[in-house]
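Here is the structure we will look at, set down as structure tokens.
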């Protein structure tokens, strides 16, 4: 399955592009899988997403099809082909 990820400022500068197409397994994917695939593909993204040091927090807002998606609930938020 392929999904498109739009990167905002400053994340797109870390990965070098504003739109990324990710290939994921065909079924059962969540926002967690998307984030893990992004970090595996672009290792420098990890520090930017979570900061560094003891308090590692997620600083960005996630959107799925124009709707805010909860980072805390990311493992429960399914993604589908074309998202």
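The rows are residues; the columns are (1) touching a residue at least 12 places away in the same chain (Cβ under 8 Å); (2) in contact with a strand residue (DSSP E or B) (Cβ under 9 Å, 6 or more places away or on another chain); (3) surrounded by 10 or more Cβ atoms within 10 Å (Cβ to Cβ); (4) not in a helix (DSSP H, G or I).
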position: 4; (1), (2), (3), (4): yes, yes, yes, yes
position: 12; (1), (2), (3), (4): no, yes, yes, no
position: 22; (1), (2), (3), (4): yes, yes, yes, yes
position: 26; (1), (2), (3), (4): yes, no, no, yes
position: 37; (1), (2), (3), (4): yes, yes, yes, no
position: 40; (1), (2), (3), (4): no, no, yes, no
position: 47; (1), (2), (3), (4): no, no, yes, no
position: 60; (1), (2), (3), (4): yes, no, yes, yes
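Suppose the filter is surrounded by fewer than 16 Cβ atoms within 10 Å (Cβ to Cβ) and modelled with pLDDT under 90; does residue 71 pass it? No: the conditions fail for residue 71.
The values are calculated or read from the model by the stated rules, or taken from the named source; none is laboratory data. The structure displayed is predicted, hence computed values, not measured ones. Counting neighbours? That spans all protein chains shown, and the Cβs are built from the backbone with ideal geometry, glycine included.
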